[in-house]
């Protein structure tokens, strides 16, 4: 749960949960690397971020690069383009169906999973525990690619 | 010491969604039905517990409409399915503390409205935004996404859990439903229909793996023991709990970002209720488990120790989960066939089973387990039939 990677920016917890999300999106687009939140005082890592460290309750938190490699914790493939009352597919992904949401555990950050996107043929051989490479696109979407 | 019981249950007649009925009037009907069932004068209701997200009626309006002499506690409980048993937990606490003696818990749902709420943000649920902020860019579609991700993680560990098991699970619950006149889906699904690629939605699921959608209103009256007109029909509440689990998240849809599996809010809740009840899973005679998908309740069977980890596919295949089987689960057919009640109707079914009054009655049950889903916050209870029956 703890890590010592370098901070990219301080988390603006004073801006509240919505402010944190705005800061996250901006940083993801400018740095183009997957991010997690880390406590500056006790080094606990979180994702999604929190308004203070839930381990030591410090408000000194920072954004940290999560590295570009991880392991598949779990995943979900969307098979249909039909919008039904119980599911709402993001419009920008409709022409990518089938696509897969992959929850990735960064290789050296324990206890954290980052939601990512996988498209294309590689989905058919995807399995829990697989190693993936992460890449942040211009729009801020984090794409996962099967390694090897 | 005062003990708390479920003295009465009641509901407005269940119909498919789009009935056009007024939600507030349905809530009043259910409340009066629960009081009538208990033989308790509605004027005596002195506590109301409702879901925050249930906008059918305010606690103030309900109190005024019942003509309650003196309501001493109004409580609203957040969350959706996770809170199904939390209402009973809180009502019980009010009774045990002496703060109230007749506490009405209720849930009204208009199917169409609920489905709309599922995919929009709402100021009453601010952390829903964490779903939008951190999951949407990876293609998150709503609650099915969450339960499909739990399925994937389970099936990776126990490959016996495949789509054949979900197909059998859907039909088992429809077989239970066939004995319940109130169920909306009683016909068996054919193999051709289920495995038609056009029926697939998200993850392992098809359109047959989701809960039915109905207009319904359910009420449960929790009272001090002996208050009702018929103590032999009072069902004892022997254990209740709520849990946010080992890795609490700011919104339940974030659960796939947790690495705690197989520990979950439900594994924590299971330990708490068995410890308080002083019994083990082998003493549970019937279970009513949250079933928003055909996988959700199967995973809960294991979380609550009703079988060994990895063995639930076998219980489905040998039909143990039918009302006549070795481990009856959701004898009424659950929310999968009766319509989504956020799992609250499971409290009514467990009560009816322990009174021997259910449509699809199991054989002489003494203990019933009721549980909300394996995401936090969750809740669970163990109920016991009256010693006077």
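Quick note: the coordinates plus some simple rules give every number you see, no bench work behind them. As the structure is a prediction and not an experimental result, all values here were calculated from the model. All Cβ positions, even for glycine, are placed from backbone atoms using ideal geometry, and neighbour counts span all protein chains on display.
Numbers at a glance
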read-out	value
Share of alpha-carbon pairs per 10 Å distance bin for the protein assembly as shown, given as whole %	4, 19, 28, 25, 16, 7, 1, 0
Chain lengthening between residue B:52 and residue B:96 when straightened (0.36 nm per residue, less Cα-Cα)	13.5 nm
C-alpha long axis of helix B:143-157 to longest principal axis of chain B, angle in °	60
Pairs of Cα atoms farther than 19 Å apart, region A:95-148, %	23
Cα-projected label distance for residue A:6 with residue A:84, points at 7 Å along beta-carbon direction, nm	4.9
Degrees separating the helix B:23-38 axis from the principal Cα axis of chain B, which is the longest one	60
Ascending count of other beta-carbon atoms within 10 Å, so fewest first, for B:291, A:82	A:82, B:291
Part-to-part distance (alpha-carbon centres) for region A:1-79 and region A:100-114, which is given in Å	12
Estimated [θ] at 222 nm from DSSP helical runs (n ≥ 4, -39500 (n - 2.57)) normalised by residues in chain B, nearest 500	-9500 deg cm²/dmol
Contour minus Cα-Cα distance for residue B:319 and residue B:282 (0.36 nm per residue)	11.5 nm
Cβ-based exposure ranking for A:91, A:71, in which fewest neighbours within 10 Å come first	A:91, A:71
Coarse-grained scattering of chain B at q = 0.07, 0.12, 0.13 Å⁻¹, given as base-10 log I(q)/I(0) from a Debye sum over alpha-carbon atoms	-0.28, -0.86, -1.03
Rounded tilt (10° steps) of A:16-31 against the dominant C-alpha axis of chain A	70
Residues A:72, A:33 arranged by fewest to most Cβ contacts within 10 Å	A:33, A:72
Cβ-derived FRET efficiency at R0 25 Å, residue B:207 paired with residue A:124, nearest 0.05	0.65
Contact order normalised by residue count of region B:1-57, Cα under 8 Å, 6+ apart, percent	42
Cα-based equivalent ellipsoid, region B:230-315: semi-axes from gyration tensor eigenvalues, Å	25, 17, 13
Taking the convex hull of Cα positions in region A:1-107, its mean projected area over all directions (nm²)	8.1
Gain in span if fully extended, residue A:40 to residue A:18, counting 0.36 nm per residue against the direct Cα distance	5.8 nm
Ellipsoid equivalent to region B:286-355 - semi-axes via the Cα gyration tensor, in Å	19, 13, 11
In nm, spacing of pseudo-spin labels at residue B:230 and residue B:158 (7 Å Cα→C-beta vector)	3.9
Relative contact order (%) - region B:152-245, alpha-carbon pairs under 8 angstrom, separation at least six	16
Helix-only [θ]222 nm of chain A, DSSP H runs n ≥ 4, -39500 (n - 2.57) each, per residue, nearest 500	-3500 deg cm²/dmol
